[in-house]
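Structure record follows, encoded as structure tokens.
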Amino acid sequence: MNTEGYTLREVDARLGRPKGSAFRAFKRRRGALRENVDFILLPAHTARAEIERLRAAGRIYRSSINVVVLTESGFERVRAELERD
């Protein structure tokens, strides 16, 4: 599974935002984002191994269950939403 891109933890860190900021912005923009175009969803029940690799690499929060990886276009949309805050 492709996990190139930005996890929500990486977005928080890259933009200097508190934990959960990217998640909340993603949720607000969710209706305008397209799965497999703007983001990839890694559900815990089907992507456990990949999620554990991301956790071991420090790319996701310890408490993450289902993981979102933003593509470049998704990152730009979430970044724009965060800048509106």
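Read-outs: derived from the displayed coordinates by stated rules, not from any lab. The model shown is predicted, which means the values in this text are computed figures rather than measured ones. Here the Cβ positions follow ideal geometry from the backbone for every residue, glycine too, while neighbour counts run over all protein chains shown.
Here is how the number arises for the chain: DSSP H runs of 4 or more residues each give -39500 (n - 2.57), the sum is divided by the residue count, and the result at 222 nm is -13000 deg cm²/dmol. Given their separation in residues at 0.36 nm each and the Cα-Cα distance between them, Tyr61 and His45 gain 4.0 nm when the chain is fully extended.
Between segment 58-72 and segment 7-41, the alpha-carbon centres lie 9 Å apart.
Assuming R0 = 22 Å, can you tell me the calculated FRET efficiency for the pair Glu4 and Arg30, based on Cβ-Cβ distance, to the nearest 0.05?
It comes to 0.55.
Using the Karplus relation 6.51 cos²θ - 1.76 cosθ + 1.60 with θ = phi - 60°, the per-residue 3J(HN,Hα) values for segment 20-31 come to x, 5, 5, 4, 5, 5, 4, 4, 5, 8, 3, x Hz, with x marking Gly and Pro. Kirkwood radius, segment 6-84, all distinct C-alpha pairs, inverse of mean reciprocal distance: 12.5 Å. For the chain, the longest principal axis of the alpha carbon atoms and the long axis of helix 72-84 meet at an angle near 50°. Charge tally for Glu52 (other residues, Cβ to Cβ under 12 Å; Lys, Arg +1; Asp, Glu -1): +4.
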